Structure formats: C-alpha cells, structure tokens
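Below is one structure, written out as structure tokens; comments come after it.
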Amino acid sequence: MLTSKELEQIQLLQIICENHDNINLKLNWDMLKNRNDELKTDFFYYHNQMLAGFAAIYGFGSEAEICGMVHPDYRRRGIFSALLAEAKPILKTYQSILINAPSNSAAAKSFLSANEYKYSFSEHQMKWIPKDLVVENDHVNLRHANQSDLERMSLIDHLCFGISLENAIVTNRKALSDDNQTNYVITFEQEDVGKMRIQNDGTGIWIYAFAIHPSYQGKGIGRAALASCLKSLTKKDGESIHLDVVATNYNALKLYHSCGFKEYGSQDYYSYSI
C-alpha cells in the first residue's frame, strides 16, 4: 500500500505536470489509494529527495494499463524509459499492455513516437453539466449488486466492451468486494439487463462500466437508468460527476450528450510490447 507521503508526492507531481502542459492525467486515484501490498505496481524516480518521475501499472485480469509522468525540468533524460525497464518483471505477467497518455500532451507524443508505440484507441473524459432529466421508463430500476450477480455482470461487460470473460470476472469480483465503490444492476421489467459502478475518488464522482446487454439496447433503458442515477447522485453528494467513453462509441456519446455530459479532455492508448 502506498504511504500518505508517497500519495502526496504523486499528487504534487501531477499538479506540476498538468499545469505546465495544460493536460489532465488519468492516474486512477481510486486504485492508487488501494494498492495490494504483495505486488509492486508503482515505480518512483527521485532527485534530491524530490519525486521527478512516476509510473503506475493498473491490472485488469490479464490486461494492464500504464500511466506516468516526469517533472518538466527532468525530461529527455530517459527517466520514464528507466521506470518502464524497472517495471518489466511485473509487465511480463500480462498478456496485453497499453500505455495511456493525454491526447494533447506534446511531451507524451514525443516519447511515444520516438519509441514507435502503436496507437490503439482514444477515450473522452466527460463531465455532467446539471440539467433537469426525466426518467422516461418506469420499468427501469437500479438495485445494489452482490456476488451472486458476478456472472451476469461479467457477461454484459464481455458483450459490450469486448474484454475477455475471464478478465471481466476478475474485475467485477474485485469491484464487488471494494467498499469504496457502489455497484448497481440495471433491471427492466424485473430482468437484469445492465450494470454500472459509482465511485468518489476525491476528484469527483465517477460512473464506470455503464453497459446495457446488446439484446436490450435501443429501448431507452440506458437513458432511463442514467437519468435515475444522476438524480440520485445529485441529491446525495452534490459533487461533480464524470465518466469516460471510447471516442468511437457514437451511440454512447449521443446518449451522454443528451443527458448533459460535455467533453473536457481525452486520453490516447498505445500498445506496449516487452
């Protein structure tokens, strides 16, 4: 588990990099704050006791994502490459690895281009601009998920996001066991047809893994479920609400726009091979 001092150092470096480059880094603070003591997944580079470089591995079953940053005054010194080299023993245990970087980061693009990493896809980061929403389908409801929902939730992730069923099971089992997250099953006429996960990571409330089974899409279920969720979150927390969406998922983008979400940043993902 990362110490409070390490978390403070990571946050300070993030602020410095974001302000200097005018970017938004995706550091998955919910995962950083709940690291597994048995596995080294965070790598640090210090200069005179100051954190000058950081790289983190986020595992999702057999897949992993890497995100990191280097202090503006210490770039072009091979620091991030050294951090990746240090991380190789852990990275070798994954079948698929992606490096994540803000789409508008010139420093990241320079590094990725120099190392000939192959572009894979992009995600938009969206924030909800509050607006009045009408729950248009009285037959759609949200209920708290439990371990008995694991198989159904994982199947929906597999069908909607294209991830392997094995990885979906690993991810959902972990999510259902995490007291810092709230998992919901979306029901339609008493059938379990969708899912979503809610978490407050300190930067705001995030909606994750929102999906409707393909057989039930196009019926207004997703919009009704999202509207109900937003109404509930607004009443309880009053904080900013965010989500991520793959840039080419036009149907999802249309839904989110109609509910009041606006893009404020995007992240690019590149394939990484050892």
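Mind counting the residues in the range 36-54 that are within 30 Å of SER177 (Cα to Cα) and open to solvent by less than 30 Å² (accessible area, probe 1.4 Å)? First the steps, then the outcome.
Here is the first cut: in the range 36-54, the residues within 30 Å of SER177 (Cα to Cα) are 36-44, 54.
From what's left, open to solvent by less than 30 Å² (accessible area, probe 1.4 Å): 41-43, 54.
Counting residues in the range 36-54 that are within 30 Å of SER177 (Cα to Cα) and open to solvent by less than 30 Å² (accessible area, probe 1.4 Å) gives 4.
All but one of (1) at pLDDT below 95; (2) more than 25 Å from GLN181 (Cα to Cα); (3) part of a helix (DSSP H, G or I); (4) of a type outside the set (A, V, I, L, M) hold for ASP30; state the number of the condition that does not hold.
Here ASP30 clears every test but (2).
Within the range 255-271, identify whether any single residue is touching a helix residue (DSSP H, G or I) at 6+ places or on another chain (Cβ under 6 Å) and either among the aromatic types (Phe, Trp, Tyr) or free of Cβ contacts under 8 Å to residues at least 12 places away in the same chain (or both), and answer yes or no.
Yes, the conditions are met somewhere in the range 255-271.
Whether any residue in the range 55-62 is under 25 Å from VAL170 (Cβ atoms) and open to solvent by 50 Å² or more (accessible area, probe 1.4 Å) is what I want to check. Lay out the reasoning, then the answer.
Of all residues in the range 55-62, those under 25 Å from VAL170 (Cβ atoms) come to 55-62.
Remaining after also requiring open to solvent by 50 Å² or more (accessible area, probe 1.4 Å): 60.
The answer is yes; a qualifying residue exists.
Got a sec? Which of ASN167, ASN180, ASN200, ASN172 is out of contact with any Gly (no Cβ under 8 Å at 6 or more places or on another chain) and in contact (Cβ under 8 Å) with a residue 60 or more places away in the chain?
Unique residue meeting the criteria: ASN180.
With the range 138-255 as the region, which strands (runs of 3 or more DSSP E) entirely inside it contain at least 1 residues that are open to solvent by less than 60 Å² (accessible area, probe 1.4 Å), farther than 22 Å from TRP29 by Cα and β-branched (Val, Ile, Thr)?
140-144, 181-188, 191-200, 205-212
Restricting to the range 128-150, what's the tally of residues that are free of Cβ contacts under 8 Å to residues at least 40 places away in the same chain and not hydroxyl-bearing (Ser, Thr, Tyr)?
Of the residues in that region, 5 qualify.
Failed condition for LYS109, given (1) closer than 29 Å to LYS231 by Cα; (2) open to solvent by less than 80 Å² (accessible area, probe 1.4 Å), with all others met?
Condition not satisfied by LYS109: (1).
Just checking, which of ILE99, ILE66 is at negative phi and in contact with a Cys (Cβ under 8 Å, 6 or more places away or on another chain)?
After applying the criteria, what remains is ILE99.
Check TYR264 against each of (1) within 26 Å of SER122 (Cβ to Cβ); (2) open to solvent by less than 40 Å² (accessible area, probe 1.4 Å); (3) assigned to a strand (DSSP E or B) and name the one condition it does not meet.
Answer for TYR264: the failing condition is (2).
Results for (1) free of Cβ contacts under 8 Å to residues at least 24 places away in the same chain; (2) within 15 Å of the chain's Cα centre (by Cα); (3) assigned to a strand (DSSP E or B); (4) more than 24 Å from GLY202 (Cβ to Cβ), shown as yes or no for each residue.
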| residue | (1), (2), (3), (4) |
| --- | --- |
| GLU18 | yes, no, no, no |
| LEU39 | no, no, no, no |
| ARG76 | yes, no, no, yes |
| PHE80 | no, no, no, yes |
| ALA107 | no, no, no, yes |
| SER122 | no, yes, yes, yes |
| MET126 | no, yes, yes, no |
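Can you pull out every residue in the range 121-137 that is open to solvent by 90 Å² or more (accessible area, probe 1.4 Å) and either aliphatic (A, V, I, L, M) or touching a Leu at 6+ places or on another chain (Cβ under 6 Å) (or both)?
The answer is VAL134, and nothing else.
Taking PHE54, is it under 22 Å from ILE15 (Cα atoms), aromatic (Phe, Trp, Tyr), under 20 Å from the mean Cα position of the chain (by Cα) and not in a helix (DSSP H, G or I)?
Yes: the conditions hold for PHE54.
The values are calculated or read from the model by the stated rules, or taken from the named source; none is laboratory data. This one's a predicted model, so the numbers in the text were calculated from it and none came from an experiment. For neighbour counting, all protein chains shown are included, and Cβ atoms are generated from backbone atoms with ideal geometry for every residue, glycine included. Protein only, heavy atoms only, side chains kept; ligands, DNA and RNA dropped before computing areas. Shrake-Rupley method; radii C 1.70, N 1.55, O 1.52, S 1.80 Å.
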